[in-house]
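Below is one structure, written out as structure tokens, with a few remarks after it.
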Amino acid sequence: MTSKRTSKTTAAKSAVKAAGKDELLQYYRDMLMMRRFEEKAGQLYGMGLIAGFCHLYIGQEAVVTGIQAALEEGDQVITGYRDHAHMLACGMDPKGVMAELTGREGGYSRGKGGSMHMFSREKQFYGGHGIVGAQVALGTGLGFADWYKGNGKLSVAYFGDGAANQGQVYESFNMAKLWNLPVIYVIENNQYAMGTAVKRASSEIELYKRGISFGIPGEQVDGMDVEAVKRAAEKAVAHARGGNGPYILEMKTYRYRGHSMSDPAKYRTREEVDDIRSHHDPIDLIKKRLIEGKHASEDELKALDKDVKAIVNEAAQFAKDSPEPDPSELYTDVLVEV
Amino acid sequence: MSIEILMPALSPTMEEGTLAKWNIKEGDTVESGDVIAEIETDKATMEVEAVEEGVVAKLLVAEGTEGVKVNSPIAILAEDGEDASAVEAPSAKVETPASNDETPVSAPASGGSGSAAGGDEGGASKASLASDPEIPEGTKMVSTTVRDALRDAMAEEMRRDDTVFVMGEEVAEYQGAYKVTRGLLDEFGPRRVVDTPITEHGFAGLGVGAAFNGLRPVVEFMTFNFAMQAIDHIINSAAKTLYMSGGQMGCPIVFRGPNGAASRVGAQHSHDYSSWYANVPGLKVVAPYDAADAKGLLKAAIRDPNPVVFLEHELIYGESFDVPDVEDWVLPIGKAKVRREGTDVTITAHSRMVGFALKAAEILAEEGISAEVIDLRSLRPLDTDTIVQSVKKTNRIVCAEEGWGRMGVGAEIAAVVTAEAFDYLDAPPARVHQEDVPLPYAGNLEKLSLPGVDDIVKAAKAVCYAE
Ligand SMILES: Cc1ncc(C[n+]2csc(CCOP(=O)(O)OP(=O)(O)O)c2C)c(N)n1
Ligand SMILES: [Mg+2]
């Protein structure tokens with residue numbers, strides 16, 4: 001896919017170079033971790049260990065992996081409810097994430113948040129939000145604080161194609177450009193918002209163009225190719241960190257599973273899903289590059305998968321063994337005690 | 001080692017389902033991601049994908065089996081290299097309720113009057129419905145889910161008035177996120193059943209504008225949690241304009257959707273807004289419990305010349321109740337309903353809490369306390385006459401609501417009875433409500449946080465000094 005963009009950016013062009021072996025292996029491992037983690041979460045949901053809503057990221061792994069690879073320590077990340085992989089990408093512990101999914105004491109929110117609401121100050125992950133579009137204004141505020149402090153950091157706000165129609169997105173775009181805030185808006189266009197295909201909800205379906213009237217550059221990227229994502233992210237990062245204000249990246253991607261666990265998925269065909277899965281899978285793509293580039297053998301990759309599975313199984317075990325929160329936890333954390 | 005495939009839970013509230021179809025047979029090789037079966041829940045038919053790979057050794061549940069419990073084994077996979085034919089079925093017999101029951105679960109109870117549909121509540125609701133003067137003698141009762149009753153109300157109003165239309169996220173092609181608008185698109189087409197983008201503030205305002213200009217919108221919020229995006233238009237544009245325009249500009253609109261806690265969906269998706277909207281002059285606020293009220297009050301809300309906030313509850317959508325089979329079932333907004341008569345204590349409740357109040361009344365009856373249960377049905381206007389009259393008889397009151405207590409519905413009712421029946425009270429009014437914290441996700445904490453039957457029983461005993 002050739003990448004489309006709205007305008008030349010003022011950022012210095014970063015030279016396009018293919019990723020080396022270590023980098024490719026890291027992408028492969030990170031994406032595999034997300035996939036196996038989500039598969040396990042789906043399984044635990046089926047067993048009744050995870051309840052409520054549970055939105056899986058399977059199929060979209062290249063997006064967060066490629067973006068995070070271009071960030072620096074101290075940059076902030078915020079997203080919606082489809083957030084498990086983003087937390088793993090921020091370096092949060094799979095055990096703590098899984099234990100939050102099961103609502104246990106060992107979870108990142110001590111069981112009080114659930115799948116949609118986890119946070120880590122330490123890893124600069126700001127949630128985990130259930131109200132569609134909220135993270136866009138919040139992410140703009142994170143960037144505002146960076147600008148205010150002049151700390152050279154930036155924030156990344158991830159949101160969906162459906163969220164892209166919320167009014168507060170455009171209120172945020174306007175302020176972000178008005179004050180040239182260091183914010184990268186990553187639209188994860190997985191082509192559906194629940195059962196609504198983009199063209200049924202958006203008058204302009206090329207979402208990277210949504211910043212034009214605010215003067216925010218936008219670019220459409222093949223979100224199934226982690227290397228393409230990383231390259232685009234580097235450009236956006238250079239732009240934002242260079243004091244040029246916000247940048248929009250529209251990632252064309254796809255979710256394989258239902259919107260959440262209770263989605264009968266009648267709005268798309270099985271064939272459509274299978275086609276993407278067998279021809280455009282982000283993990284298979286990197287696997288192919290690793291093997292064809294003679295960076296790794298099938299056996300090495302299998303061993304890596306085994307390692308990843310072991311970590312995920314350990315996380316699942318922890319999430320089952322961790323006790324339910326103490327009843328006294330019900331009344332804590334409502335207000336900061338002063 | 002062989003792997004058991006368990007009946008998956010496909011939604012937050014699913015406890016059992018029908019194994020509609022197997023897409024695999026014994027001996028097949030499956031890979032993770034393969035569709036292995038189709039499962040029907042009360043909301044939808046869903047495909048189940050394999051998460052493990054292997055060879056199908058045994059199918060433990062026959063196609064078409066109803067009532068398969070979540071987490072019971074439905075098939076066994078042999079892993080790579082294992083002999084599938086040697087795999088043993090688990091000795092514990094799979095629990096499958098009789099699948100030869102010839103009556104479909106949702107079929108109306110034949111004859112109506114004799115059988116109490118909808119379990120525990122059926123009896124209570126039937127008894128009070130029978131004494132309801134609005135239903136002619138001999139009217140046939142049809143067992144209907146709350147979900148379908150709401151749909152029927154919209155469909156009937158759309159048939160009689162072309163200015164009525166339904167708008168919201170996933171209401172048309174997807175048939176409603178909770179399937180309340182099922183079938184409406186087919187009958188009325190995309191002009192009148194409108195899928196919106198996710199843009200609540202925008203479409204709520206659009207709805208208000210359309211109402212100003214002569215239409216009667218029914219705006220569905222996927223849940224009322226998302227109406228917070230739109231509350232400015234509900235209050236500033238819909239509720240206040242008639243007044244600000246000196247009576248010129250009415251706004252006949254219904255804002256409806258599920259309100260309150262669902263099941264384990266966390267703080268941002270579990271908020272009861274009853275007292276918020278009931279606080280606002282210029283709105284009517286309705287919160288029905290059973291299917292007959294849901295239907296009759298929604299039809300009234302659509303016909304009402306004012307903005308009506310119509311609060312439903314996800315956890316009772318699937319419950320069935322008798323609905324009178326009459327030509328045009330419309331109920332008055334603003335009238336409470338005595339669902340159970342009693343002499344010792346009055347219990348007020350609305351929406352899902354009515355079911356809890358009725359159960360509490362049964363328990364109290366066993367202990368010799370006769371409770372009168374008032375289903376508020378409408379929070380604005382609030383039927384204070386019915387409440388005050390009841391308190392004058394029982395001399396005690398417990399006000400139950402699902403939401404937070406502070407500044408709540410119960411606080412208002414307590415103030416009303418204190419002002420209007422002070423001399424009749426034998427105990428201070430008691431309130432039952434959610435704990436004063438955002439709703440936690442963890443199962444044990446969620447349970448501790450939400451008010452239940454026991455809390456009502458306890459409060460009723462306390463005001464009766466029966467501890
Ligand atoms: C304000 C608001 N409206 C509606 C919802 C219900 N809802 C949750 S996710 C979703 C679809 C969002 O789709 P998209 O932004 O494309 O993200 P994706 O789920 O595809 O990742 C909807 C309508 C919500 N959570 N918040
Ligand atoms: Mg989407």
Quote the relative contact order of chain B in percent (integer), defining contacts as alpha-carbon pairs under 8 Å separated by 6+ residues. 11
Output the Cα-based Rg and Dmax of the protein assembly as shown in Å, rounding Rg to one decimal and Dmax to a whole number. 27.9, 90
What residues qualify as long-range amide H neighbours of residue B:216, i.e. H under 5 Å apart, gap of 5 or more or another chain, H built at 1.01 Å from N? B:164, B:165
The ³J(HN,Hα) series, computed from each phi in the stretch B:338-352 with the Karplus coefficients 6.51, -1.76 and 1.60 at θ = phi - 60°, rounded to the nearest Hz and given as x for glycine or proline, is 7, 8, 8, 8, x, 10, 9, 7, 9, 10, 9, 7, 9, 6, 4
Other chains near B:432-442: what is the mean number of their Cβ atoms within 10 Å of each residue's Cβ? 6
Here, trypsin sites (Lys or Arg not before Pro) of the stretch B:17-47 satisfying both criteria (DSSP loop; at most 12 other Cβ within 10 Å) are B:25
Under a crude label model (7 Å from the Cα following the beta-carbon direction), how far is residue B:31 from residue B:70 in nanometres? 3.1
Quick one: dipole size for the protein assembly as shown, taken about the Cα centre, charges +1 on Lys/Arg Cβ and -1 on Asp/Glu Cβ, in debye to the nearest 20. 3020
Amide H partners (placed H, <5 Å) of residue B:37, local residues excluded: B:23, B:48
Shielding by other protein chains, A:256-266, mean Cβ within 10 Å: 6
Do the sum for the protein assembly as shown: with -39,500 (n - 2.57) for every DSSP H run of n ≥ 4, divided by all residues, what is the mean residue ellipticity at 222 nm, to the nearest 500 deg cm²/dmol? -10000 deg cm²/dmol
Distance between the stretch A:48-78 and the stretch B:309-365 - C-alpha centres, whole angstrom: 44
Losing no less than 40 Å² of accessible area (probe 1.4 Å) relative to the isolated chain, the residues of the stretch A:26-65 are A:43, A:45, A:46, A:47, A:51, A:52, A:53
First check a/c for the stretch B:309-367, with a ≥ b ≥ c the square roots of the eigenvalues of its C-alpha gyration tensor; if it is under 1.5, answer rounded, and if not, answer prolate when a/b is larger than b/c or oblate otherwise. prolate
To the nearest 0.05, the calculated FRET efficiency linking residue A:205 and residue B:162 through their beta-carbon distance, R0 being 22 Å, is 0.10
Among residues of the stretch A:199-239, a drop of 20 Å² or more in 1.4 Å probe accessible area, assembly relative to the chain on its own, occurs for A:200, A:201
Could you state the accessible area per residue of the protein assembly as shown in Å², with a 1.4 Å probe and every protein chain left in place? 41
Quick shape check on chain A: root eigenvalues a ≥ b ≥ c of the Cα gyration tensor, a/c under 1.5 is rounded, otherwise prolate if a/b tops b/c, else oblate, and it reads rounded
Please express the Cα-Cα pair-distance distribution P(r) of the stretch B:3-86 as a list of whole percents, one per 5 Å bin, running from 0 to the bin with the greatest distance. 3, 16, 29, 25, 16, 7, 3, 1
Carbon-plus-sulfur fraction of the accessible area of chain B, 1.4 Å probe, in percent? 49
Return the distance in nm (one decimal) between the two label points of a simple spin-label model at residue A:272 and residue A:145, each offset 7 Å from Cα along Cα→Cβ. 3.9
Quick one: 3J(HN,Hα) in Hz for the stretch B:18-25, Karplus 6.51/-1.76/1.60 with θ = phi - 60°, rounded, Gly and Pro as x. 9, 7, 6, 7, 9, 9, 10, 10
At a probe of 1.4 Å, how much accessible area disappears from chains B and A on forming the pair, both sides counted, to the nearest 100 Å²? 4100
Long-range amide H partners of residue B:65 with built H, under 5 Å: B:19
Enumerate the aspartates and glutamates that residue A:302 could reach by cross-link, defined here as Cα to Cα under 15 Å, with residues fewer than 8 away along the same chain left out. A:30, A:284
State the extension gain, in nm to one decimal, for the chain segment bounded by residue A:26 and residue A:331, taking 0.36 nm per residue of separation less the distance between their alpha-carbons. 105.6 nm
Two-site label geometry, residue B:419 and residue B:327: point separation in nm, points 7 Å out along Cα→Cβ: 4.2
Full extension between residue B:365 and residue B:62 adds, at 0.36 nm per residue less the Cα distance, a length in nm of 104.7 nm
Only sites in a loop by DSSP and with at most 13 other Cβ atoms within 10 Å count here; which trypsin sites (Lys or Arg not before Pro) in the stretch A:279-338 make the cut? A:294
Plugging the Cβ-Cβ distance of residue B:4 and residue A:288 into 1/(1 + (r/R0)^6) at R0 = 35 Å yields, to the nearest 0.05, a FRET efficiency of 0.50
Taking Cα centroids, how far is the stretch A:84-160 from the stretch B:399-416 in Å? 35
Need one value for B:165-174: mean number of C-beta atoms belonging to other chains within 10 Å of its residues' C-beta atoms. 3
How much of the pair distance distribution for the stretch B:337-463 lies past 19 Å, counting alpha-carbon pairs only, in percent? 42
Dipole magnitude of the stretch B:346-446 about its Cα centre, charges +1 at Lys/Arg Cβ and -1 at Asp/Glu Cβ only, in debye to the nearest 20? 160
Would you please give the FRET efficiency between residue B:392 and residue B:465, computed as 1/(1 + (r/R0)^6) with r the Cβ-Cβ distance and R0 = 22 Å, to the nearest 0.05? 0.70
Here the stretch B:413-427 yields Karplus 3J(HN,Hα) values (6.51, -1.76, 1.60; θ = phi - 60°; whole Hz; Gly and Pro given as x) of 5, 4, 5, 4, 5, 5, 6, 9, 9, 3, 6, 8, 6, 9, 7
Net charge contributed by nearby residues that have their C-beta within less than 10 Å of residue B:12 (K/R +1, D/E -1): 0
Output the Kirkwood hydrodynamic radius of chain B, Cα pairs only, in Å rounded to one decimal. 24.1
Taking Cα centroids, how far is the stretch B:243-300 from the stretch B:149-212 in Å? 16
What dipole magnitude, in Debye to the nearest 20, does the stretch B:140-324 give about its Cα centre under +1 on Lys/Arg Cβ and -1 on Asp/Glu Cβ? 360
Note on the stretch B:140-324: alpha-carbon gyration tensor, axes a ≥ b ≥ c; rule is a/c under 1.5 for rounded, else prolate if a/b larger than b/c, else oblate; result rounded
For the ranges B:430-437, B:176-183, B:393-400, what's the packing order if you count other beta-carbon atoms within 10 Å of each residue, average per peptide, and put the highest first? B:393-400, B:176-183, B:430-437
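The values are calculated or read from the model by the stated rules, or taken from the named source; none is laboratory data. No experiment lies behind these values; they were computed from the predicted model shown. A quick note on method: Cβ atoms are made from the backbone with ideal geometry, for glycine too, and the neighbour counts reach across all protein chains shown. Just the protein is used for accessible areas: all its heavy atoms, side chains included, with ligands, DNA and RNA removed. Shrake-Rupley method; radii C 1.70, N 1.55, O 1.52, S 1.80 Å.
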